[in-house]
Amino acid sequence: MRTLAAKTGGRLKRAKALLVTAESCTGGWVAQAVTSVAGSSAWFERGFVTYSNAAKRELLGVRQSTLRKYGAVSEETAREMAAGALKRGRGTLAAAVTGVAGPGGGSPAKPVGMVCFAWAGRRGRLRSETRRFRGGREAVRRQSVIRALEGVLEFLEGA
C-alpha cells in the first residue's frame with residue numbers, strides 16, 4: 001500500500017493537484033496511507049472522517065434526503081461526500097469511501113463487503129462505483145483503501 005500511496009502522491013504532485021479525502025468505513029485509513037509518504041503536504045490537503053450520518057451531513061453537506069432515499073452506503077452518498085469535501089476543503093481532487101466493512105451491519109441489499117466510492121474534481125468531473133470485497137473487516141477496509149488510491153490515479157489519467 002505504501003508503494004501505491006507514493007505513486008499516487010507523485011502523480012498528484014506532477015498534476016499540481018491537492019487530494020482531499022472523505023471517509024466512512026475506512027476511518028481515515030486513506031489519509032493515513034498518503035500521509036505516511038514523506039512530503040505528502042505538497043499533494044494532500046485534508047481528510048474528513050465522517051462515520052455517522054450526522055457527520056456526513058454536518059461536515060460534508062450530504063443531504064438528509066439522499067441518506068433517507070439511498071442510505072449511507074450508496075454511490076449517491078459517496079458522490080455527495082466527494083463534492084462536499086471539495087467544497088469545504090482546499091483540495092482540487094476528492095476521494096470518498098463509504099461501505100459495510102463488517103462483520104455485522106450488512107443486509108441482502110447491502111452485504112458486508114459492499115463499498116461505494118466517488119472521485120470528484122474542481123471542474124465538475126465526478127465518477128463513482130461500487131465494489132464488493134471479500135474477507136473480514138480488516139481485509140475489506142484494506143481493499144477499500146487500495147481501490148480509493150487506484151481510483152485517484154485513474155481519475156488523474158482521465159479514465
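So what is the 222 nm mean residue ellipticity for the chain from helices alone, if each DSSP H run of at least 4 adds -39500 (n - 2.57) and you divide by all residues, rounding to the nearest 500 deg cm²/dmol? If you can, show how the numbers build up before the last one.
Working: 6 runs with 69 residues, N = 159.
Per the formula, -13500 deg cm²/dmol.
Across the chain the C-alpha pair distances fall into 5 Å bins from zero in the proportions 2, 11, 21, 24, 21, 13, 6, 2, 0 percent.
Taken over the stretch 75-159, the alpha-carbon convex hull comes to 89 cubic angstrom per residue. Label separation (Arg68 vs Ser41): 4.4 nm, computed from points 7 Å beyond Cα along the C-beta direction. Dividing the mean sequence gap of close Cα pairs (under 8 Å, 6+ apart) by how many residues the chain holds gives a relative contact order of 24 percent.
What percent does the relative contact order of the stretch 94-159 come to when contacts are Cα pairs within less than 8 Å and at least six residues apart? Write down the numbers at each step before the final one.
Values: 94 pairs, mean separation 20.5, N = 66.
It rounds to 31 percent for the stretch 94-159.
Using 0.36 nm per residue, how much length does the chain from Arg134 to Asn53 gain when fully extended, once their Cα-Cα distance is taken away?
Working: separation 81, 0.36 × 81 = 29.16 nm, distance 2.47 nm.
Result: 26.7 nm gained on full extension.
Once backbone amide H atoms are built at 1.01 Å from N, Phe133 has Met114, Val115 as its partners under 5 Å, excluding neighbours fewer than 5 places away on the same chain.
Students often get this wrong: which residues of the stretch 133-159 have the backbone nitrogen under 20 Å from the point 7 angstrom along Cα-to-C-beta of Lys13? Counting only backbone N, you get 149-157. Of all lysines in the structure, the ones whose alpha carbon falls short of 30 Å from that of Lys69, not counting any fewer than 8 places away in one chain, are Lys56, Lys87, Lys110. Along the stretch 90-97 the Karplus relation, 6.51 cos²θ - 1.76 cosθ + 1.60 evaluated at θ = phi - 60°, assigns HN-Hα couplings of 10, x, 10, 9, 10, 10, 10, 9 Hz to successive residues, with x for each Gly and Pro.
Readers should treat all values here as calculations from the given coordinates under stated rules, not as data from a laboratory. Everything quoted here is computed from the prediction, not taken from an experiment. A quick note on method: Cβ atoms are made from the backbone with ideal geometry, for glycine too, and the neighbour counts reach across all protein chains shown.
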